[in-house]
1. Tell me, what % of the accessible area of the range 163-293 is carbon and sulfur with a 1.4 angstrom probe?
2. Averaged across orientations, what area in nm² does the convex hull of the alpha carbons in the range 186-293 project?
3. Keeping all protein chains in place, calculate the accessible area per residue for the range 209-279 (probe 1.4 angstrom), answer in Å².
4. Is it possible to state the helix-based mean residue ellipticity at 222 nm for the chain, with each DSSP H run of 4+ residues giving -39500 (n - 2.57), the sum divided by total residues, to the nearest 500 deg cm²/dmol? What is it?
5. Kindly state, to the nearest 0.05, the FRET efficiency for residue 151 paired with residue 52, given R0 = 45 Å and r defined as their beta-carbon distance.
6. Divide the volume of the convex hull of the Cα atoms of the range 150-195 by its number of residues and quote the answer in cubic angstrom per residue.
7. Taking a point 7 angstrom from the Cα of residue 256 along the C-beta vector, which residues in the range 218-233 have backbone N less than 18 Å away?
8. With every protein chain kept in place and ligands, DNA and RNA left out, what is the accessible area per residue of the range 111-183? Probe 1.4 Å, answer in Å².
Amino acid sequence: MIPEHVMRELRYIEIYTAKKIRNLRVGAYTSPLRGSGFDFDQHQAYRPGDDVRRIDWNVTARMNTPYVRLTHAERELNVIVAMDLSRSMELGTSRFSKKEALTFITGSLLFSAISDQINTGFLAFADRVLAYAPPRRTRAAAWAMLQQCWSLAPPKPTTALIPALRHLAASLKRMSVVFLVSDFITDEDVFASPELGMLTTRHDVIAVVPEDPAEAELPAGGGFVRLRDLESGRDVAVALTAGSRRRYAEAARRRREDLTRAFYRAGIDHIFVRTDESPVEPVLSLFARRMAQ
């Protein structure tokens, strides 16, 4: 069962946050992708493979060459939250663990989308796809998704995003907003994978990356600290010296910058969510920025 302190936070998110974020979230969200909606975007010269049913014959007659009419993507979108439940998400050295932050982020997305009459589903993964629920539109379904994801126990501790990306690309038949909630700690070359390319081509993908403060800097004090990799189980003793603190912080900074560049290259919007801060506000800021574009 979901622990009581997590339930209290989820109830707060559902009851008190829904009204505040409703106009900044999925219901008012406009995808940057062009699709088969009704709102006119622009004309474009016909290219082989374009849908001939979209040829604008009035413009074609004036320009003496075929032009197709492009429209904005439909505003009514499905939302899918893909949740990373691998062992590394259990890290927690501050207010919340990464798994708890992931649960609050997912709850925020589910509750606000359902309140705006948006079909919402989820996918849970670790080293493989653990569970998948196609988009639905009921409050009971949102709570059932949260309960199921909390109770899932991955058979292996490692992370594999590519099977999850492959499953989403094959399962989602209409254009969707896909939230990938993960720390992206994996041995895979995710950003070079054709699975990610297929998903970002057909859907609007947003990465939400929970971060624990211990991943950015070593704890205060002197002596030694023993660190354990939650996925491999490997232990290492680290001296708490000025040099080790500098190298540790520099490695963490480089990983964050590399991840940010990879997101930009893949055309994926993204936010980093610290577990010692509000897990909801960064998501609100993302949608406010999107609405201002």
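1. Numbers: 3610 of 6770 Å².
Roughly 53 percent of what the probe reaches on the range 163-293 is carbon or sulfur.
2. Values: hull surface 34.7 nm².
One quarter of the hull surface, i.e. the mean projection, equals 8.7 nm².
3. Per residue, the range 209-279 has 60 Å² of solvent-accessible surface.
4. On the way: 9 runs with 107 residues, N = 293.
Dividing the helical sum by the residues of the chain leaves -11500 deg cm²/dmol.
5. Once the sixth-power term is evaluated, E becomes 0.35.
6. Working: hull volume 5.3 nm³, N = 46.
Here the figure is 115 Å³ per residue.
7. Label zone hits: 218-220.
8. Values: 2750 Å² over 73 residues.
Dividing the accessible area of the range 111-183 by its residue count gives 38 Å².
The values are calculated or read from the model by the stated rules, or taken from the named source; none is laboratory data. These numbers come from a predicted model, not from an experiment. Cβ sites come from the backbone with ideal geometry, for glycine too, and all protein chains shown count toward neighbours. Accessible surface areas use protein heavy atoms only, side chains included; no ligands, DNA or RNA. Shrake-Rupley method; radii C 1.70, N 1.55, O 1.52, S 1.80 Å.
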